[in-house]
1. Which residues, taken from segment 274-325, are within 19 Å of Gly342 (Cβ to Cβ) and under 19 Å from the mean Cα position of the chain (by Cα)?
2. Does segment 270-279 include one or more residues that are among the hydrophobic types (A, V, I, L, M, F, W, C), closer than 15 Å to Val408 by Cα and either in the same structural domain as Ser331 (by TED's automatic domain parsing) or surrounded by 19 or more Cβ atoms within 10 Å (Cβ to Cβ) (or both)?
3. Taking only segment 395-419 into account, find how many residues are surrounded by fewer than 19 Cβ atoms within 10 Å (Cβ to Cβ) and in contact (Cβ under 8 Å) with a residue 12 or more places away in the chain.
4. Give, as residue ranges, the strands (runs of 3 or more DSSP E) completely inside segment 325-390 that count at least 3 residues that are within 30 Å of Leu208 (Cβ to Cβ) and in the same structural domain as Pro303 (by TED's automatic domain parsing).
5. Name the residue that is modelled with the lowest pLDDT, counting only residues in segment 28-48 that are in contact with a helix residue (DSSP H, G or I) (Cβ under 7 Å, 6 or more places away or on another chain) and buried (at least 20 other Cβ atoms within 10 Å of the Cβ).
6. For Lys357, work out the one condition from (1) surrounded by fewer than 12 Cβ atoms within 10 Å (Cβ to Cβ); (2) touching a residue at least 12 places away in the same chain (Cβ under 8 Å) it doesn't fulfil.
7. For Glu108, which of the numbered conditions (1) part of a helix (DSSP H, G or I); (2) buried (at least 18 other Cβ atoms within 10 Å of the Cβ) fails to hold?
8. β-branched (Val, Ile, Thr), in contact with a strand residue (DSSP E or B) (Cβ under 9 Å, 6 or more places away or on another chain) and either touching a residue at least 60 places away in the same chain (Cβ under 8 Å) or surrounded by 18 or more Cβ atoms within 10 Å (Cβ to Cβ) (or both): does that describe Thr522?
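The values are calculated or read from the model by the stated rules, or taken from the named source; none is laboratory data. Quantities reported herein were computed from a predicted structural model and do not represent experimental measurements. Positions of Cβ are generated from backbone atoms using ideal geometry, with glycine treated the same way; all protein chains shown enter the neighbour counts.
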Amino acid sequence: MRFYYILLLLSLSVSGQTQYPQDYFRSPMDLPVHPSGTFGELRTNHFHAGLDYRTNQKTGYPVYAAASGYVSRIKVSSYGYGTALYIDHPNGYTTLYGHLLKYGPKIEEYVRKKQYEKKSFEIEIFPKPGEITVTQGEIVAFSGNSGGSGGPHLHFEYRDTKTEMIINPLLFGLDKKMKDPKPPTIYSILVYPLGDNGVVDGSKVPMLINIHPQKDGSYLADKISAKGKIGFAVNATDKSTGSSGNNGIYKAELLFNGAPNFSCEFNTFAFDESRYVNNYIDYERYYNTGQRYQKLFIQTPYPLTLLKHNQRDGQFEVVPGDTQNYRIEVSDYHGNKTFVNGSIQYSDAPGTVMVPKHVTPYLVKSANDNNYTKGGVSVFVPAHAFYEDFYMDFDVKDSVLYLHHPTVPVHSYVQVSFDVSHLSKDELAKTFIAGYAGKRFSYNSSFMDDGRLTAKVKTLGNFKLAKDTNPPKIFGATFKEGEWLTKADTIGMKISDDLSGIATYDTFINGKWALMHYDYKTRTIFHNFSDGVVDEGRNELKVVVTDNVGNSTTFETHFFRTQKD
């Protein structure tokens, strides 16, 4: 009896972890749920954290509070989620609305006041509980294309308020508003010989396996011959009704001889786990081909909540005996499933196709701190900056740091430092550590540390000191000097910088700071006349744009406007 109660408690505990309110929240939009992005979708350096609502390639649709609560966070940024809103609800969940055009009237007024107080477009505010309350169905924003958005849409998330774990929105009942009758598509699978003894079909190099469609919609894979440890990866996507593009799958599972061996299920993960997407996929293959293969095995354990049933870390030991069977199943949230069946026969044949051995004097132990120095350049690799141990290329020639290749992903950062004692104070002020490939330079935020110019980089490659003495450009004003702008809603122009990039932009109308919105994708800054800061008649406009090393450009002009009807 005692054993029964223990099982019951465990069952309740597990089920309690997966029970989410189904009717508490409403949809944040009155548009059909035809997602352009699904939860957990594989993106550059992150798992997609929400559900993207298509908005017919338009901005300005009403966004509603999914439930009553209070605004807990407001963030306006030129990047990331752009103009974003967070609402805490009394049932312990937080909803997030991203890439907004603007907020609802009362929130917009609150934010605008704070922006003028801080004299900054980019702002982050944490209102006190109850300071800004909202009711379910209240218009809290309008859909947009701000921040790092690739097109007009609403990014919508659920988070656990206390733990900040991100949760699949479909778990809260939105699946009922989304039609998905089609199973996922499996494009191809890969098999990996693992460790020193793994061999597949005479190869120690990962191999594509031919798969053949069957009448029931499944696939049959060609039989493989192998020995030692092997693992699999799958390239698959899903598509729902009304979504023209390919979205992410909900679940990938590997079974050996009918028993679950490894799975990844996109229900919930922590925000700081998101970059582990670079370990979950075959990153080198993605870098070289653009194809994202989801690895159904683990070589070095890493803390990704999405991974389940990995008793053997997804690795399978092929030993002499009967033919072994495997099955790869790929599912969407609505239960549609596509699978590949395959078999493995033991073969003692040695590997004749080999991975070229790349050995250098610089073995990076991923679990340890690593330091390297040469020719006035030093590199510090903190523990767990990489996912696996590897031999790293490291060299310095003609003051250029050659630091391996970007096919190896960096999880946290690598710190590179250059001796700058030969530079004058004025030269140093305009100098930064640049990543470069060919003639393309990229800016890295650089700072002095113990007398050396230092940057924390998140990709490997080539680095050198670069000097930027050219000021930003201001061009493409939406009006002519002295023009009457009575009927215009906004005033704007474009800004750009060729090397170190834009750091700040400030606008003054009649000597007073005025808010400018910034869209880096179009290089546009604009001011809304609805802010009410212009004078009747003539207005003097001054725009100052500064890059990341302090070069500055000033643009001055004037315009006329009347507020009278």
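1. Of everything in segment 274-325, those that are within 19 Å of Gly342 (Cβ to Cβ) and under 19 Å from the mean Cα position of the chain (by Cα) turn out to be Asp282, Tyr293, Gln294, Lys295.
2. First pass over segment 270-279, keeping only residues among the hydrophobic types (A, V, I, L, M, F, W, C): 270-271, 277.
Retained after the next criterion (residues that are closer than 15 Å to Val408 by Cα): 277.
Add one more test, that the residue is either in the same structural domain as Ser331 (by TED's automatic domain parsing) or surrounded by 19 or more Cβ atoms within 10 Å (Cβ to Cβ) (or both), and what stays is 277.
Yes, segment 270-279 contains at least one residue that is among the hydrophobic types (A, V, I, L, M, F, W, C), closer than 15 Å to Val408 by Cα and either in the same structural domain as Ser331 (by TED's automatic domain parsing) or surrounded by 19 or more Cβ atoms within 10 Å (Cβ to Cβ) (or both).
3. Of the residues in segment 395-419, the ones surrounded by fewer than 19 Cβ atoms within 10 Å (Cβ to Cβ) are 395, 397-400, 402, 405-407, 411-413, 415, 419.
Then keep just the ones that are in contact (Cβ under 8 Å) with a residue 12 or more places away in the chain; that gives 395, 397, 399-400, 402, 405-407, 411-413, 415, 419.
Number satisfying all stated conditions: 13.
4. Of the strands (runs of 3 or more DSSP E) lying wholly inside segment 325-390, those with at least 3 residues that are within 30 Å of Leu208 (Cβ to Cβ) and in the same structural domain as Pro303 (by TED's automatic domain parsing) span 337-346.
5. Within segment 28-48, the match that is modelled with the lowest pLDDT is Val33.
6. That leaves (2) as the condition not met.
7. Tallying (1) part of a helix (DSSP H, G or I); (2) buried (at least 18 other Cβ atoms within 10 Å of the Cβ), Glu108 fails exactly one: (2).
8. Numbers: β-branched (Val, Ile, Thr): yes; in contact with a strand residue (DSSP E or B) (Cβ under 9 Å, 6 or more places away or on another chain): yes; either touching a residue at least 60 places away in the same chain (Cβ under 8 Å) or surrounded by 18 or more Cβ atoms within 10 Å (Cβ to Cβ) (or both): no.
No, not satisfied.
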